[in-house]
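Enquirer: Take a look at the following structure, please.
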Amino acid sequence: MRWRHPVFVCLILALTLVPAASEEAGVSVRDARVRETPPGMTMMAGYMELRNNTSRPRVLAAASSSGFESVMVHRTVVKDGMAGMVHASQIELAPNASLIFAPGGYHLMLMNPKRTLRAGDPVVINLEFRGGLVLPVTFEVRK
Amino acid sequence: MNERSLKFSIMITTVALAAMLAGVWLAHIYREHDSRVVLLPDQVITLFPDPKPLTAFALTDHKNRVFDLASLKGKWSFLFFGFTHCPDICPTTLAVLASARDSIAKNTVGAEDIQFIFISVDPNRDTASKLGQYVDYFGTGFLGVTGDNEQIANLAGQVGAAYQVAITPGMENYPVYHTVAVFLLDPRARYHAVFTPPHDAKAISKRFKVVRELEAGNAT
């Protein structure tokens, strides 16, 4: 089976957009959400649009959250007709570009939630960038 | 070539390209809206002209009932192979299928004769009760099915579903690889068609409507 273009993982160059309010941090996040899972499941996935508003590359090195036993940055890849996940230890964000975390592509793998998370619940996940920047982001659990 | 004629030829090329793209786009729109849609070739579904009857297999569903060839008779079955520890592709695909079910249910024929079978290739972790919790979340028409490795391989082999469970001693979250295609079996338990990713609920329900109409036409 042929996997067409990995459309879900798209780097959008948006040089024309003006950097938003979080200029001081240099990185902003939109549409941060965690998919609600069926009850009793131990694996969740977080998605977002990550934006580098600076003229220098930024590197997402890790993620963490007190709401989960562990958090890893993963990417779903399809190889030989099979989907699997690979750990993305370093993701470079190009200057003035967005990186979309979406189903079928990059996602935060959230393991063993400390409490049951239902649609509407907020959960904070810290995005850790190379160079020491830690960005706490509130994700919303959605169906 | 002087600058002016170069500009002119660039312009002509641009116009020609735009016209070609518009043609492709219009053909696509036409296909999406025409109920007599031609299914082959298609990027959503591959329909087999001579569907292959499945042979015996023995699995168990999430209510500990036998799931075998007889469970497929009389219903259209959408098969998806996965595992419940899968945070991304599996819930995404099942949510798309649930949405496709809702869309199919609005159809005049309804969704009474369709079922969605989530086959766990990870029986080591996916017990019947765990599968029950999982599929119940996606609503009516969903069954969770698993069994011993040999029988999973039997059914997977019959539709050509690739998977690999990389159980690693001491590793709780061992990786599982599996195909992302959705397999369509007809009410005579034949491998009728396959949906290829990326999956879209509307596209699936539209194609399914045509497949069901074609099959009804063949039967009479």
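Enquirer: Against the conditions (1) farther than 22 Å from A:Met43 by Cβ; (2) part of a strand (DSSP E or B); (3) more than 14 Å from chain A (Cβ to nearest Cβ); (4) not hydroxyl-bearing (Ser, Thr, Tyr), where does B:Val194 fall short? Just the number, please.
Expert: Only one criterion is unmet by B:Val194, namely (3).
Enquirer: If a residue has to be within 14 Å of another protein chain (Cβ to nearest Cβ) and either farther than 11 Å from B:Ile117 by Cβ or of a type in the set (Gly, Ala, Ser) (or both) to count, how many in segment B:138-156 make the cut?
Expert: Counting residues in segment B:138-156 that are within 14 Å of another protein chain (Cβ to nearest Cβ) and either farther than 11 Å from B:Ile117 by Cβ or of a type in the set (Gly, Ala, Ser) (or both) gives 4.
Enquirer: Further question on the same structure: Taking segment A:61-104, which residues are facing chain B (nearest Cβ under 9 Å) and on the phi > 0 side of the Ramachandran plot?
Expert: Those that are facing chain B (nearest Cβ under 9 Å) and on the phi > 0 side of the Ramachandran plot: A:Asp80, A:Gly81, A:Gly104.
Enquirer: Just checking, which of B:Ala111, B:Ala161 is surrounded by 22 or more Cβ atoms within 10 Å (Cβ to Cβ), assigned to a loop (DSSP other than H, G, I, E, B), out of contact with any Cys (no Cβ under 9 Å at 6 or more places or on another chain) and not aromatic (Phe, Trp, Tyr)? It would help to see each step written out before you state the result.
Expert: Numbers: B:Ala111 fails: surrounded by 22 or more Cβ atoms within 10 Å (Cβ to Cβ).
Step by step, each of B:Ala111, B:Ala161 is checked, and only B:Ala161 is surrounded by 22 or more Cβ atoms within 10 Å (Cβ to Cβ), assigned to a loop (DSSP other than H, G, I, E, B), out of contact with any Cys (no Cβ under 9 Å at 6 or more places or on another chain) and not aromatic (Phe, Trp, Tyr).
Conditions tested, residue by residue: (1) closer than 30 Å to B:Val210 by Cβ; (2) over 16 Å from the mean Cα position of the chain (by Cα); (3) crowded, with 21+ Cβ neighbours inside 10 Å.
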{"position": "B:Lys63", "(1), (2), (3)": "no, yes, no"}
{"position": "B:Lys75", "(1), (2), (3)": "yes, no, no"}
{"position": "B:Phe80", "(1), (2), (3)": "yes, no, yes"}
{"position": "B:Thr92", "(1), (2), (3)": "yes, no, yes"}
{"position": "B:Phe118", "(1), (2), (3)": "yes, no, yes"}
{"position": "B:Ala128", "(1), (2), (3)": "no, yes, no"}
{"position": "B:Gly132", "(1), (2), (3)": "no, yes, no"}
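Enquirer: Moving to a separate point now. Looking at A:Gly81, A:Gly104, A:Gly131, which one is surrounded by fewer than 20 Cβ atoms within 10 Å (Cβ to Cβ) and more than 19 Å from A:Val27 (Cα to Cα)?
Expert: Residue meeting the stated conditions: A:Gly81.
Enquirer: Ok, one more. Within segment A:105-115, is there a residue that is away from chain B (no Cβ under 14 Å) and not aliphatic (A, V, I, L, M)?
Expert: Checking segment A:105-115: at least one residue is away from chain B (no Cβ under 14 Å) and not aliphatic (A, V, I, L, M).
Enquirer: Determine, yes or no, whether B:Asn173 is surrounded by fewer than 18 Cβ atoms within 10 Å (Cβ to Cβ) and either more than 14 Å from chain A (Cβ to nearest Cβ) or without any contact (Cβ under 8 Å) to a residue 60 or more places away in the chain (or both).
Expert: no
Enquirer: Considering only residues of segment B:167-179 that are out of contact with any Lys or Arg (no Cβ under 8 Å at 6 or more places or on another chain) and modelled with pLDDT of 95 or more, which is farthest from B:Ile117 (Cα to Cα)?
Expert: B:Val176
Enquirer: In a helix (DSSP H, G or I), within 20 Å of A:Val78 (Cβ to Cβ) and in contact with a helix residue (DSSP H, G or I) (Cβ under 9 Å, 6 or more places away or on another chain): is that true of B:Ala203 in this structure?
Expert: yes
Enquirer: Here's something else I'd like to know. Return yes or no: is A:Val124 touching a Gly at 6+ places or on another chain (Cβ under 9 Å), part of a strand (DSSP E or B) and surrounded by fewer than 19 Cβ atoms within 10 Å (Cβ to Cβ)?
Expert: Criteria met by A:Val124.
Enquirer: Here are the criteria: (1) more than 14 Å from chain A (Cβ to nearest Cβ); (2) farther than 18 Å from B:Asp186 by Cα; (3) in contact with a helix residue (DSSP H, G or I) (Cβ under 7 Å, 6 or more places away or on another chain). Tell me which single one B:Lys106 does not satisfy.
Expert: Tallying (1) more than 14 Å from chain A (Cβ to nearest Cβ); (2) farther than 18 Å from B:Asp186 by Cα; (3) in contact with a helix residue (DSSP H, G or I) (Cβ under 7 Å, 6 or more places away or on another chain), B:Lys106 fails exactly one: (3).
Enquirer: Any residue in segment A:38-49 that's over 21 Å from B:Phe142 (Cα atoms): show its pairings with residues that are aliphatic (A, V, I, L, M) and part of a strand (DSSP E or B) at Cβ separation under 6 Å, as long as the two are six or more apart or on different chains.
Expert: Partner pairs satisfying both residue conditions: A:Gly46/A:Val34; A:Gly46/A:Leu108; A:Gly46/A:Leu110; A:Met48/A:Val29; A:Met48/A:Ala32; A:Glu49/A:Ile100.
Enquirer: Something else: Could you pull out the residue among A:Ala25, A:Ala21, A:Ala119 that is farther than 28 Å from B:Tyr163 by Cα and at pLDDT 95 or above?
Expert: A:Ala119
Enquirer: Could you tell me whether B:Ala95 is farther than 14 Å from B:Ile119 by Cα, out of contact with any Leu (no Cβ under 6 Å at 6 or more places or on another chain), within 14 Å of chain A (Cβ to nearest Cβ) and at pLDDT 95 or above?
Expert: Yes: the conditions hold for B:Ala95.
Enquirer: Moving on. Return the residues of segment B:157-186 that are more than 23 Å from B:Arg207 (Cβ to Cβ) and of a type in the set (Gly, Ala, Ser); say none if nothing qualifies.
Expert: If the condition is that a residue be more than 23 Å from B:Arg207 (Cβ to Cβ) and of a type in the set (Gly, Ala, Ser), then B:Gly157, B:Ala166, B:Gly170 are the ones that fit.
The values are calculated or read from the model by the stated rules, or taken from the named source; none is laboratory data. Remember, predicted model here, so these are calculated numbers, not experimental data. FYI the Cβ positions are ideal-geometry reconstructions off the backbone, even for glycines, and counts take in every protein chain you see.
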